[in-house]
Amino acid sequence: MYQNTFKDFLRQATIDYVLGNRKADVFQELQQRFEVSEPGDADRWAKVRASAIETSSEIVIVDNEDKINGWTFLSPVEANARRGKAYEEKVVLLTNKALYVCTFHYRLEKVIQFKRIGLSEITLIEKGEYILSTLHPSCTSPNDNYGFLIHYRAAGESSRVNSGSLQNATLAEDEVHDKTEMRFIAFKAFRSNLAGEATKFYGGGSADLKGSDITSKNVVDSVVDEIIKVLYDIGNNQSELVERPIVSLAEATKNTGIMTRVGFKVKQALWL
């Protein structure tokens, strides 16, 4: 079954290339798709992420708040960073009073830590292309590499950690911060051409986005529109929405080293 599926995709890619409908990068896209996926991965991950959203909602949302929606996005591990040394998947929950950002342990099915950002303290939302790699054509497409930033006053943030007394002690010190300090958190939508990514938003988001042809930009636009609507509903009319690159192609190219590119080319050659 898996072999037949690969042959079908390869046959169509060859036809598109011969007819001039696509360039040679169609074979690179085919390689990437089958390099990272197995049959059933998309549906499996969609269910896992939907479960993570529901589990996180039950744990972190307080009784006097109503959940409006929930999603999962990539986010730098480092605070106040657009680019980071590492990224992790975050469960993002929207209620009528706050935005919750949760670090979820999928194997243990538990929330490791989360922060709550009061909606009244959100001052700015940026959305735009969010390109972290230039190694593959699909990594540089703005429509499939999109994200957003949430800027907010530190006074509206509170955090909780669900493990280790040392972490909790550090957390207590962190909550005594400058109330006027401005912070932000970055979110990148997953590319729609990777396993489990296009369907992962089945756990949340607008119903009209459900399908295999949605892009990262579609997802981000829908999520940001929903957040903005709730901000207006609670009377936060001072927050701004700006559309500009989170990480542009030029910046991503500058930050992709020569050795990284060479390593990727070698990997491609060995795979082919």
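Here are the numbers for the structure shown:
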item	result
Radius 11 Å from Cβ of Pro245, net charge of other residues (Lys, Arg +1; Asp, Glu -1)	-1
Point-to-point label distance, Ser248-Val48, nm (Cα→Cβ direction, 7 Å offset)	3.7 nm
Cβ-Cβ FRET estimate between Arg107 and Asn255, R0 fixed at 25 Å, reported to 0.05	0.20
Estimated inter-spin distance, Asn143 and Asn80, nm [label 7 Å along Cα→Cβ]	3.7 nm
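Quick note: the coordinates plus some simple rules give every number you see, no bench work behind them. As the structure is a computational prediction, the values presented were derived from the model and not from experiment. Glycine gets a Cβ as well: all are built from the backbone with ideal geometry, and neighbour counts include every protein chain shown.
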